[in-house]
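Beneath this line is the structure, given in structure tokens, with notes to follow.
The values are calculated or read from the model by the stated rules, or taken from the named source; none is laboratory data. Quick caveat, the model's predicted, so the values are computed rather than measured. Cβ placement follows ideal geometry from the backbone for every residue including glycine, while neighbour counts extend to all protein chains displayed.
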Amino acid sequence: MAPDVPLAIVGGGPVGLVCALFASEAGLDPVVIEPRTAPIDKACGEGLMPGAWRLVRELGLEPAGADLRGVVYVQGDARAEHRFRRATGRGVARVELHAAVAARVAERGIQVIPGRVDAVERHDDHVTLSGPGLDPLTAGHVIGADGLHSRVRELVGLGARGQQASARRFGLRRHYTLAPWTDNIEVRWTPNAEFYVTPLGPELIGVALLGRRGTDFATVLADEPELAALLRADAAGDSPAQVGGVRGAGPLLQRTTARTAGRVLLVGDASGYVDALTGEGLRLGFAQAKAAIAAIVAGDVRRYEREWLSITRDFRALTSALVLAARSPLRRAIVPAAVRLPGVYGGIVERLAR
Ligand SMILES: Cc1cc2nc3c(=O)[nH]c(=O)nc-3n(C[C@H](O)[C@H](O)[C@H](O)COP(=O)(O)OP(=O)(O)OC[C@H]3O[C@@H](n4cnc5c(N)ncnc54)[C@H](O)[C@@H]3O)c2cc1C
């Protein structure tokens, strides 16, 4: 049978929408299914590494933000700084990024169908999607870009067991209307959690916090008086510069057994995620989106599986190792080691910058 559409992308977060743009450029005429209205906010460190920023610009997009010139690790008086050698990244508030990509999707005439996918039926020559309030839709291929808690991943049986509950990590994010004091992504290592500070504009800073379940922003900020002072926070962690509420996400570690099941492919966080500590989610998601579309166009979906492994190899190895060290007694040695071994630290940051 001829499907209703050649390609349906489930999830209109940044990766799903960028995927739709690549698909449209490749002549695939995609639709996107997304329950929420643009622009969509989400807990995120909001740092586009140089590779992600290059890709966003290749799509002709220039969302407002602040240039990012490096990554600095801070722990007490110890500071390890590495400036990107070749290109800058960009701090972009999540809604700015989403609004820019969504506007381009609309300009290209790509249909975004409001709805939540809750059933996936796989057939030899098509896939049928349906859900509450969503008329059944048949597609030649389906890309699941529905985030950390992907329903598509679950429905096609590609999810793998995660991690012990005690080891699970979560993320929170707050915004402050303050002039950035740095043009780096600043990672502040407290005894039990990490602050991830990103300049987002001339008067806007994003502060993400990564840690175990129940990690409390105010309590961790009290461990980091220098940051609390920069954010003008009082003893309760409240600051007159704070805007909007606290957003949360997690658990961050999501494993997959494979990224393709017949005509269904997974991209972005839906395809598996390790942790936000290295700030690579968007870079990887955009690269996966490009590779998934190329594989569909080539009529060789299995090729995507190989490319996914290659795109995520360093992320899986480096980020897993760093998170493991961060949860062990070695934690206190991470920043001093980065200070003592600038070549190694710089080499790692340059890999993240690709
Ligand atoms: C605290 C924190 C800090 C981070 N910092 C950074 C950083 O600095 N740099 C970076 O690059 N990355 C960072 N990340 C990772 C980054 O946020 C993610 O990798 C990125 O958001 C993934 O985008 P996505 O489009 O795959 O998923 P999402 O942004 O989660 O989008 C998924 C979309 O799917 C939709 N959806 C869900 N279920 C369904 C369904 N059943 N049917 C239809 N639609 C559905 C949702 O509504 C949503 O819009 C961070 C993450 C966290 C939690």
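The table that follows gives values for the structure above.
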item	result
Options Val74, Val92; residue that is under 28 Å from Gly346 (Cα atoms), in contact with a strand residue (DSSP E or B) (Cβ under 8 Å, 6 or more places away or on another chain) and away from the ligand (no atom under 15 Å from the Cβ)	Val74
The one condition in (1) out of contact with any strand residue (DSSP E or B) (no Cβ under 6 Å at 6 or more places or on another chain); (2) farther than 28 Å from Leu210 by Cβ; (3) not β-branched (Val, Ile, Thr) that Ala102 fails to fulfil	(2)
Which numbered condition Val15 misses (of (1) more than 30 Å from Ile334 (Cβ to Cβ); (2) in contact (Cβ under 8 Å) with a residue 40 or more places away in the chain; (3) part of a helix (DSSP H, G or I); (4) of a type outside the set (Phe, Trp, Tyr))	(1)
Some residue of segment 34-51 being modelled with pLDDT of 95 or more, aliphatic (A, V, I, L, M) and away from the ligand (no atom under 14 Å from the Cβ)	no
So Leu55, is it more than 24 Å from Val339 (Cα to Cα), under 17 Å from the mean Cα position of the chain (by Cα) and either more than 10 Å from the ligand (Cβ to nearest atom) or touching a residue at least 40 places away in the same chain (Cβ under 8 Å) (or both)	yes
Pairs, first touching a residue at least 60 places away in the same chain (Cβ under 8 Å) and of a type outside the set (Ser, Thr, Tyr) in segment 23-44, second outside any loop (DSSP other than H, G, I, E, B) and within 6 Å of the ligand (Cβ to nearest atom), C-beta under 6 Å, six or more apart	Val32/Gly16; Ile33/Val10; Ala43/Gly171; Ala43/Arg173; Ala43/Ala249
Pairs, first within 13 Å of Gly206 (Cα to Cα) in segment 86-102, second part of a helix (DSSP H, G or I) and modelled with pLDDT of 95 or more, C-beta under 6 Å, six or more apart	Arg90/Trp53
Filtered residues of segment 197-223 (kept if surrounded by fewer than 21 Cβ atoms within 10 Å (Cβ to Cβ) and hydroxyl-bearing (Ser, Thr, Tyr))	Thr215, Thr219
Pick from segment 240-271, criterion within 11 Å of the ligand (Cβ to nearest atom) and modelled with pLDDT of 95 or more, ranking: surrounded by the fewest Cβ atoms within 10 Å (Cβ to Cβ)	Asp269
